[in-house]
Amino acid sequence: MKNKFRGTGVAIITPFYQDGKIDWQSFENIINHIINGKCDYLVVLGTTGESATIHGNEKQEIFSFVKKVNSNRLALVAGIGGNDTQEVVTALQSFDLTGYDAILSVSPYYNKPNQEGIFQHYKFIDAASPLPIIMYNVPGRTGQNMTAATQLRIATECKNIFATKEASGNFDQIMQLIKSKPKDFMVISGDDGITLPMIACGADGVISVVANAYPKDFSEMVRQCLNGDFENAKTLHYKYTDIINSMFEEGSPSGVKAYLSEMGLCKNYFRMPVWPVSEKQLLKIKELMNQ
C-alpha cells in the first residue's frame, strides 16, 4: 500500500452548475488537471467533494465517472464514512467499487462517541469492508478527537486499516503516532499547511485540498520532502502558505473552488449550506493569484 499511497493524494472537489446538478465536463477537466500535475492518487467524495449533500445513486455515478476518466492512471480512494456504523457498512457493501484501491472513512461525527465507541466503529467496518481503509481523524469537523492511543489500537488490531489521515494539528499526538505505529502503517497529513513538518517527523505524504488548484508545485514539494530535500521543499512550502490559509479562512471547499473558478476550471457553485466566499475574500484570493 505504501507504493500506492506515499506522496500526494487529492481530495477532489465536486463541481456543480447553479441549479445544483453535477458539472461533469468540469469534473473531467479537474481530474485531468490533477493527473497532469503529477499527483499520486485521487480521493473521491471526501469532505472537499461535498459528500454530505450527495446521496444514494448519485454517489455511485460519481465513483463510476471518476474511475472511467482516470482510466487506471492513478490509485483511487472512495470516501465512505458517517456517524451511523451500520449505515457505513451497508454503503461499503452496496457500492460498486471496482477499480478503487482503498476507502477513506472519517471518524464518527456529531454523536461524539467515547474512545471505545470510536474503536468499535472502526473494528466493525474493518470486518465488513471489501477494500483496505484509511481512517480519518479531523476533530475540527467531527467534534471528537481520536487519541493517539485509540489510533494505535486500531492500527494494531484492525488489519484492514493500513493508514490514518491525521488532521488534529496536534504535534504531540502526531509524533506519538509516528513513533509507536506498526512498521507498515502509514500516517498521512490531513493539513496542507503542516505537511512539510509532518513528513520531517516521519509522515508518508498528504491528502491535499490545495493540490486541486496547484497540483504540480504541491506534489513536487511533497516529493522533495519524502526525498529528504527539505531545503528546496521549503521554497515551495512558503510559496503556498498564504494561499493555503486563504483557502480555509471562510471554509472549505468554498476557498478552493474560488481558486478553481478563477482558473476557469469550474463554476463557483455549491450545494447548501456551503456558500461562496465573500467578495472581500475573493479580492484577497485574486491578489494572491496575481502575486
Pair list, Cβ < 8 Å and 6+ apart or interchain, from the stretch 102-130 residues that are closer than 14 Å to Met146 by Cβ and free of Cβ contacts under 8 Å to residues at least 40 places away in the same chain to residues that are of a type in the set (Lys, Arg) and part of a helix (DSSP H, G or I): Tyr109/Arg141; Phe119/Arg153
All but one of (1) part of a helix (DSSP H, G or I); (2) without any contact (Cβ under 8 Å) to a residue 40 or more places away in the chain; (3) under 18 Å from the mean Cα position of the chain (by Cα) hold for Gly251; state the number of the condition that does not hold. (1)
In the stretch 154-173, anything touching a Phe, Trp or Tyr at 6+ places or on another chain (Cβ under 6 Å) and not in a strand (DSSP E or B) is listed as Ile154, Ala155, Cys158
Condition (residue is buried (at least 21 other Cβ atoms within 10 Å of the Cβ), over 26 Å from Arg271 (Cα atoms) and out of contact with any Lys or Arg (no Cβ under 9 Å at 6 or more places or on another chain)) applied to the stretch 74-95: is it met by at least one residue? no
Would you list the helices (runs of 4 or more DSSP H) that sit entirely within the stretch 1-114 and hold 1 or more residues that are touching a strand residue (DSSP E or B) at 6+ places or on another chain (Cβ under 9 Å) and aliphatic (A, V, I, L, M)? 24-36, 57-70, 85-94
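Identify all residues within the stretch 264-287 that are free of Cβ contacts under 8 Å to residues at least 60 places away in the same chain, aliphatic (A, V, I, L, M) and surrounded by 15 or more Cβ atoms within 10 Å (Cβ to Cβ); write none if there are none.
Our first condition is that a residue be free of Cβ contacts under 8 Å to residues at least 60 places away in the same chain; within the stretch 264-287, this holds for 264, 268, 273, 275-287.
After this cut, where a residue has to be aliphatic (A, V, I, L, M) as well, the list is 277, 282-283, 285.
Selection gives Val277, Leu282, Ile285.
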The one condition Ala149 fails out of (1) part of a strand (DSSP E or B); (2) surrounded by fewer than 16 Cβ atoms within 10 Å (Cβ to Cβ); (3) of a type in the set (A, V, I, L, M) is (1)
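Condition (residue is within 27 Å of Ile31 (Cα to Cα) and touching a Lys or Arg at 6+ places or on another chain (Cβ under 6 Å)) applied to the stretch 137-159: is it met by at least one residue?
No, the stretch 137-159 contains no residue that is within 27 Å of Ile31 (Cα to Cα) and touching a Lys or Arg at 6+ places or on another chain (Cβ under 6 Å).
Each reported figure results from applying straightforward, stated rules to the coordinates on display, with no laboratory input. Bear in mind that the values here come from a model prediction, so they are computed numbers and not experimental data. For neighbour counting, all protein chains shown are included, and Cβ atoms are generated from backbone atoms with ideal geometry for every residue, glycine included.
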